[in-house]
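*Asks:* Before anything else, here's the structure in question.
Only the coordinates and a few stated rules stand behind these numbers; no lab work does. Model, not experiment: these values are computed from the prediction. All Cβ positions, glycine included, derive from the backbone under ideal geometry; neighbour counts span all protein chains shown.
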Amino acid sequence: MTDTITSMSVSAALKSPESAARLKARYRAEMRFRFYGRAAIGIAAGILIFLLSSIVYNSIPAFTQNFVGLDIELAQDKIDPNFSNDTEIIASADWQGLIKASLRREFPEVNARADKRELYDLVSSGGGDWVRDFVLDNPQSIGSVVRISVPTSDDIDLLIKGLIDRTLPESDRLVSNKELVWLDHYTAQGRVHTQFAWTLFTSGDSREPEMAGLSGAFIGSLLTILVTLAVSFPIGVMAAIYLEELAPKNRITSIIEVNINNLAAVPSIVFGLLGLAVFISFFQLPRSAPLVGGLVLSLMTLPTIIIATRASLASIPPSIREAALGIGASRLQVIFHHVLPLAMPGILTGTIIGLAQAAGETAPLLMIGMMAFIVDTPTDITSKATVLPAQIYMWANNPERAFLPKTSAAIVVLLLFLLTVNATAIYFRKKFEKRW
Amino acid sequence: MSYEGENKIQSTGVQVYYGETRALHGIDLNIGANEVTSLIGPSGCGKSTFLRCINRMNDVIEGCRVEGSVFIDGDDIYADHMDVVELRARVGMVFQKPNPFPKSIYDNVAYGPRIHGLAPTKEALDHMVETSLRRAGLWQEVHDRLGDTGSGLSGGQQQRLCIARAIAVNPDVVLMDEPCSALDPIATAVIEELIEELKSEYTIVIVTHSMQQASRVSQKTAYFHLGNVVEFGDTSQIFSNPKNTQTEAYISGRIG
């Protein structure tokens, strides 16, 4: 037969030596590919683990704060000379002055002006707040000498934590020899102790590292994300439902579709400029406010939500729509009773991806003044605020060495914030997910 | 109220276009009340397309256009004043693949009565669900697990659930698009029995690829070929003594 000239039977071909070589080559190719895949995963995971562990390691010092117990004379005439018992008068006393007096009494030999200033630098320039809080909680203590713990200054704190090497020559060291002597005086008496740094979570930003906290940026981020969610979720989902389910397929809708996809690829700083021009210049909304930040981030998140929602709606099998239409459900009933609930897990996933992006965004917020030194914790969406990523950037730019661990700690907090947001989303997605 | 054999559905010159392609070339068919009419023919001949004209399911297909008219009880369902939702409540449909909603068995059946406001009270709704499930022959099997999801049932049970869902709104007409093609012979036999029982109350139009099924369940048969009705008549006559040679060739298995 002519067939045998051009081709041989499969069983014969499989027995030939070429076939054995081919088989070997095939197995080798598969092994190689497996190796590449494992290597890729290993490298990716390794980089991630290195990054995370170095950040966490660097952040550890920021979670503790060293305090020194000072004997402070709570003189009546310095605090409430007229015996008014008015908390406002008491709160406005010169607490820092009392601390300085205590330090002077501890070291009467220090007389030179420069030396005194150095002595005062032993404790935080915000230490007065601790004395004030103590007195407000214990008003009966006025008139007596009380030992109150106040935070040490940032450099002393670093020294105690071992981040400043005291064996270095004085000229290379941020802490002078005199300061070492004074500090050792307190240490010898057991008056220096370490506490958890609640300041990091309870106070707003500050120029002093030992006083700076994330509360303002955290609340700012939370408010901004809430505004973003409240604006972009309903608008995005509605737009996607209309485009996917109800809109006629014609030129206009296809142009809109192309533009939504393009919008998702626009650099985020452009949205910031747009927000500056539209929300602040034209609508006169307040600068640096979570309201404007949220609106700007909504613009950025909208395309992500619309695209994810449309994909999710399109993936619902037509048989479900037909079933509902077949018993006389209207188009809206089909969408809201059947398609949307089934698409919900996908929609939520898209929304969370969008929100997580928005929560980590700094560039558009730069343009609307949210990258700013703001001490107060925002109380509502129109008060001035900054956000966690902006706070990280600003702390990273500060010259004080003590801001280094603070920056890492802020990154850890931001990552935990994003993790919480994602976990919430996964919880809701699981809740909406149905077995088919 | 229509009696057996009276024309329930009349189609005159129905032509369907998918874009530029004409899928039906003018169908004239009179379908009698309270009997089973089966539509047979090779794949792509237009029988499903015609079935979907009867409850205007073609409306939702992009680029599909229907010409001609279909009357149900004398109402032109393609007239401007006709509400599609109302029409589909009157003309129920069962699909090729069982497609229960991913909800409980109860909610599957109760969905139609709920959206059409047929049951004023919870008791009335319970009653409707029970009757529909009984008529679909599913009550015995599921009455103690109405809260389970419909997709957990077997294929045949799912299809009976879909039939229960379709008849829960008490339609006049039930359209079935190859309802047994995804089922095994035993489940098929159950459904066929069910069709036999249901025809006393509903007008049934069924598309099927199984000649045996058509001959077993239907009183009238229409043979479709390339978008035309080649032959339409009593099932017994079509299968024993077809007038058209094409019909004969298809039925005897020489084409199709």
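*Asks:* Name the residue, out of A:291, A:136, A:23, whose mean-square fluctuation peaks in a Gaussian network model built on chain A with Cα pairs under 10 Å.
*Replies:* A:23
*Asks:* Sticking with this one: Relative contact order (percent) for chain A, with alpha-carbon contacts under 8 angstrom and 6 or more residues of separation?
*Replies:* 18
*Asks:* Still on this model: List the residues whose amide H sits under 5 Å from the amide H of residue A:149, counting only those 5 or more places along or on another chain, with H placed 1.01 Å from N in the peptide plane.
*Replies:* A:70
*Asks:* Give a quick list of chymotrypsin sites (Phe, Trp or Tyr not before Pro) in segment A:60-109 that DSSP marks as loop, anything other than H, G, I, E or B, with at most 12 other Cβ atoms within 10 Å.
*Replies:* Here the sparse-neighbourhood loop sites are A:83.
*Asks:* Spelling out what I want: for every residue of segment A:153-164, take phi, set θ = phi - 60°, compute 6.51 cos²θ - 1.76 cosθ + 1.60 (Karplus), and round to whole Hz; glycine and proline get x.
*Replies:* 6, 4, 5, 4, 4, 5, 5, 5, 6, x, 7, 10
*Asks:* Between the DSSP loop rule and a limit of at most 10 other Cβ atoms within 10 Å, which GluC sites (Glu not before Pro) in segment B:1-95 are left?
*Replies:* Listed in order of number, the matching sites are B:20, B:62.
*Asks:* Over what distance in Å are the Cα centres of segment A:323-338 and segment B:94-141 separated?
*Replies:* Here the two parts' Cα centres lie 15 Å apart.
*Asks:* Just to confirm the filter: which trypsin sites (Lys or Arg not before Pro) across segment A:14-69 are DSSP coil and have at most 11 other Cβ within 10 angstrom of their Cβ?
*Replies:* none
*Asks:* What percent do you get for the relative contact order of segment B:7-251 when only Cα pairs under 8 Å and 6+ apart count?
*Replies:* Computed over segment B:7-251, the figure is 28 percent.
*Asks:* Follow-up. Counting only other chains, and only Cβ atoms inside 10 Å, what mean value do you get across the residues of B:109-116?
*Replies:* What the average comes to for B:109-116 is 3.
*Asks:* For residue B:136, enumerate residues with amide H under 5 Å from its amide H, sequence gap 5+ or separate chain, H modeled in the peptide plane.
*Replies:* Those qualifying (amide H under 5 Å, at least 5 residues apart or on another chain) number zero.
*Asks:* Please list the radius of gyration and Dmax for segment A:240-390, considering alpha-carbon atoms only, with Å as the unit.
*Replies:* Final numbers for Rg and Dmax: 19.0, 61 Å.
*Asks:* In whole Å, what is the distance between the alpha-carbon centres of segment A:9-37 and segment B:209-256?
*Replies:* Comparing the Cα centres of segment A:9-37 and segment B:209-256, I get a distance of 54 Å.
*Asks:* Now a separate question. May I ask you to sort B:106, A:36 by Cβ crowding, counting other Cβ atoms within 10 Å and putting the fewest first?
*Replies:* A:36, B:106
*Asks:* May I pose another question? Could you state the angle between the C-alpha long axis of helix B:185-198 and the longest principal axis of the C-alpha atoms of chain B, as a value from 0 to 90 degrees rounded to the nearest 10?
*Replies:* For helix B:185-198, the angle is close to 90 degrees.
*Asks:* Considering only DSSP beta bridges with both partners in segment B:7-251, what is the antiparallel share in %, to the nearest 5?
*Replies:* Here the share of antiparallel DSSP bridges comes out near 60 percent.
*Asks:* When DSSP beta bridges are limited to those with both residues in the protein assembly as shown, what percentage is antiparallel, rounded to the nearest 5?
*Replies:* That works out to approximately 70 percent antiparallel.
*Asks:* Let me test this: with uniform point scatterers at the alpha carbons of segment A:313-359, what is the Debye-based log₁₀ I(q)/I(0) at q = 0.14, 0.23, 0.28 1/Å?
*Replies:* Calculated log10 I(q)/I(0) at the listed q: -0.41, -0.75, -0.94.
*Asks:* Further question on the same structure: Relative to the compact globular guide of 2.2 N^0.38 Å, what is the alpha carbon radius of gyration of chain A, as a ratio?
*Replies:* Against the compact-globule rule of thumb, the ratio is 1.45.
*Asks:* Residue-wise, which Karplus ³J(HN,Hα) couplings in Hz belong to segment A:60-77, taking 6.51 cos²θ - 1.76 cosθ + 1.60, θ = phi - 60°, and x for glycine or proline?
*Replies:* Here the 3J(HN,Hα) series is 3, x, 6, 8, 10, 9, 8, 10, 10, x, 10, 7, 10, 8, 8, 5, 4, 5 Hz.
*Asks:* Oh, and also: With chain A treated as a Gaussian network of Cα nodes joined by springs under 10 Å, which of A:383, A:149, A:11 yields the largest mean-square fluctuation?
*Replies:* A:11
*Asks:* Oh, and also: Among B:139, A:395, which comes first, second and so on when ranked by fewest other beta-carbon atoms within 10 Å?
*Replies:* Ascending number of Cβ neighbours within 10 Å: B:139, A:395.
*Asks:* Let me confirm one metric for peptide A:328-335, namely the mean number of other chain beta-carbon atoms within 10 Å of its residues' beta-carbons.
*Replies:* Mean shielding count: 5.
*Asks:* Right, another one. Helix-only estimate, please: 222 nm mean residue ellipticity of chain B, summing -39500 (n - 2.57) across DSSP H runs of length 4 or more and dividing by its residues, to the nearest 500.
*Replies:* Estimated from H runs of four or more residues: -10000 deg cm²/dmol.
*Asks:* Hey, what angle do you get for helix A:95-106 against the long axis of chain A, alpha-carbon based, 0 to 90 degrees rounded to 10?
*Replies:* Roughly 60 degrees, rounded to the nearest 10.
*Asks:* Using the count of nearby Cβ atoms within 10 Å as a rough guide to exposure, how do A:281, A:141 rank from fewest to most?
*Replies:* A:281, A:141
*Asks:* What's the longest piece of chain A with no exposed GluC sites (Glu not before Pro), counting a site as exposed if DSSP puts it in a loop and it has at most 16 other beta carbons within 10 Å?
*Replies:* A:110-432
*Asks:* So how do B:195-205, A:299-309 stack up, highest first, on mean other-Cβ count within 10 Å?
*Replies:* A:299-309, B:195-205
*Asks:* If you don't mind, there's one more thing I want to ask. Lysine pairs in chain A with alpha-carbon atoms under 14 Å apart, 8 or more places apart or on different chains: how many are there?
*Replies:* Pairs that pass both the separation and distance tests number 5.
*Asks:* Separation between the residue A:84 and residue B:18 pseudo-spin-labels, each 7 Å from Cα along Cα→Cβ, expressed in nm?
*Replies:* If labels sit at residue A:84 and residue B:18, their model points lie 8.8 nm apart.
*Asks:* What residues qualify as long-range amide H neighbours of residue B:207, i.e. H under 5 Å apart, gap of 5 or more or another chain, H built at 1.01 Å from N?
*Replies:* Excluding prolines and chain starts, which carry no amide H, the hits are B:39, B:176, B:177, B:178.
*Asks:* While we're on this one: In whole Hz, with x marking every Gly and Pro, tabulate ³J(HN,Hα) for segment A:29-40 from phi via Karplus 6.51 cos²θ - 1.76 cosθ + 1.60, θ = phi - 60°.
*Replies:* Running phi through 6.51 cos²θ - 1.76 cosθ + 1.60 with θ = phi - 60° gives 4, 5, 4, 4, 5, 4, 4, 4, x, 5, 4, 4 Hz.
*Asks:* Using the structure shown, select from B:122/B:220; B:47/B:199; B:199/B:243; B:97/B:220 the pairs with a Cα to Cα distance greater than 29 angstrom.
*Replies:* Cα-Cα > 29 Å for B:122/B:220; rest within.
*Asks:* Related question: Over segment A:252-387, what relative contact order in percent results from Cα pairs under 8 Å that are six or more residues apart?
*Replies:* This gives 38 percent for segment A:252-387.
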